[in-house]
Amino acid sequence: MYMKLVPFAVAAALSLPALADEASVKKALEGKLGAPVTSVTKTPYLGLYEVYADGQIVYTDEKVSALLVGSLIDGKTMKNVTSERMQKLTAIKFSDLPLTQAIKQVRGDGKRVFATFEDPNCGYCKKLAKELATLDNVTIYTFLYPILSQDSLEKSNQIWCSADKVRAWNEWMVDGKAPSGKGDCDTTAVKKSVETGRKLAINGTPTIFFADGERIPGAIPLARIEQKLAEASSPAK
């Protein structure tokens with residue numbers, strides 16, 4: 001977002017006239033932030049409006065007298081409302097992913113489908129890989145997303161250029177065996193995967209996309225992955 005916002009900070013009053021609806025809030029904030037606002041939704045909490053802009057949720061009142069940044073927690077259920085909303089707002093259409101750019105591994109009947117964006121030098125990605133090693137009846141699309149270092153790019157290219165991409169990926173991520181590929185083949189897919197990740201505003205690895213389009217950042221437990229696979233409907237592969 002154009003305007004730097006500090007978590008849980010309250011911005012200075014903007015001294016605007018009272019605003020009656022989402023459209024007015026949207027127009028006022030776009031003028032103040034200098035960035036387009038994707039959506040404005042009235043919440044059931046304290047008269048606040050949820051504002052989604054530039055991949056971030058902020059809250060404001062109808063007068064746009066202050067901006068609140070941080071997690072909104074439901075006082076009755078103690079659920080993280082902001083986190084749940086972010087999962088919905090950042091969801092994608094799974095079929096729009098350029099799956100030919102990913103490393104595809106099929107286990108068992110392959111009916112359950114999801115995709116990940118991962119950096120080969122990401123510790124959390126390696127943790128996720130060990131969790132996924134026991135997962136069966138699944139199709140996993142792994143997009144190489146080397147964003148941590150130059151070595152990440154070199155390893156991604158080596159893995160992509162390996163005769164057996166799936167084996168090279170798993171041996172490195174699970175067993176720590178360095179890829180043997182020279183990295184001198186056509187690595188356009190790796191470059192395009194990085195471009196895709198940036199378009200999707202992926203700022204960290206791993207990031208998982210399930211068949212229903214929901215995005216979950218980070219290495220989540222296998223039980224949570226199993227739960228999501230059961231909930232999501234599988235697209236055509």
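List of remarks:
- The residues on offer are 148, 128, 135, and the sole one that is closer than 22 Å to residue 108 by Cβ and assigned to a loop (DSSP other than H, G, I, E, B) is 135.
- Of the listed requirements (1) at pLDDT 90 or above; (2) assigned to a helix (DSSP H, G or I), residue 58 misses just one: (2).
- Criterion (in contact (Cβ under 8 Å) with a residue 24 or more places away in the chain, farther than 19 Å from residue 124 by Cβ and assigned to a helix (DSSP H, G or I)) met by exactly one of 192, 155: 192
- Conditions (1) modelled with pLDDT under 95; (2) closer than 18 Å to residue 99 by Cβ: number failed by residue 141: (1)
- Of all the numbered requirements in (1) out of contact with any helix residue (DSSP H, G or I) (no Cβ under 7 Å at 6 or more places or on another chain); (2) buried (at least 20 other Cβ atoms within 10 Å of the Cβ); (3) among the hydroxyl-bearing types (Ser, Thr, Tyr), residue 83 misses one, and that requirement is (2).
- Some residue of the stretch 29-36 being touching a Lys or Arg at 6+ places or on another chain (Cβ under 6 Å) and either under 22 Å from residue 200 (Cα atoms) or surrounded by fewer than 12 Cβ atoms within 10 Å (Cβ to Cβ) (or both): no
- For the stretch 157-180, a residue qualifies if it is surrounded by fewer than 19 Cβ atoms within 10 Å (Cβ to Cβ) and β-branched (Val, Ile, Thr), and the qualifying residues are 166, 174.
- Those residues of the stretch 72-111 which are in contact with a strand residue (DSSP E or B) (Cβ under 7 Å, 6 or more places away or on another chain), polar (S, T, N, Q) and more than 20 Å from residue 37 (Cβ to Cβ), in sequence order: 80, 101, 105
The values are calculated or read from the model by the stated rules, or taken from the named source; none is laboratory data. The structure displayed is predicted, hence computed values, not measured ones. All Cβ positions, even for glycine, are placed from backbone atoms using ideal geometry, and neighbour counts span all protein chains on display.
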